[in-house]
Amino acid sequence: MLETPIVERYVVADVRRARDGSDAPPEITERFQGRAFTLHELEVRGVRITSRRGWYLANGEDWILSVQPTL
């Protein structure tokens, strides 16, 4: 019998401006709050995943997303 593959889900724990590390404005953080994503779902939203970080381009700036597995 084949087992169903487990898809790991992640939450975006923090979003920071890549240039200076300052907090992202609400219009950026709200895009990721309140739900878990698969890595594929994040990539569909324009996030590029590198290790446990994501890079997101919005409002003409790069943002660093701290991505953590859900517990």
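FYI, it's all coordinate maths here, none of it is from the lab. Quick caveat: nothing in here was measured; it's all calculated off a predicted structure. Cβ: placed from backbone, ideal geometry, glycine included. Neighbour counts: every protein chain shown.
Among residues that are surrounded by 12 or more Cβ atoms within 10 Å (Cβ to Cβ) and in contact (Cβ under 8 Å) with a residue 40 or more places away in the chain, ARG17 is included.
Residues in the range 20-52 that are touching a Ser or Thr at 6+ places or on another chain (Cβ under 9 Å) and within 12 Å of TRP63 (Cα to Cα): ASP23 alone. Restricted to the chain, the set of strands (runs of 3 or more DSSP E) holding at least 2 residues that are in contact with a strand residue (DSSP E or B) (Cβ under 6 Å, 6 or more places away or on another chain) comprises 10-17, 53-58, 61-69.
When the range 38-69 is filtered for residues that are closer than 21 Å to VAL7 by Cβ, aliphatic (A, V, I, L, M) and surrounded by 14 or more Cβ atoms within 10 Å (Cβ to Cβ), the ones remaining, listed by number, are LEU39, LEU42, VAL47, ILE49, LEU65, VAL67. The single condition among (1) surrounded by 13 or more Cβ atoms within 10 Å (Cβ to Cβ); (2) free of Cβ contacts under 8 Å to residues at least 40 places away in the same chain that ARG35 does not satisfy is (1).
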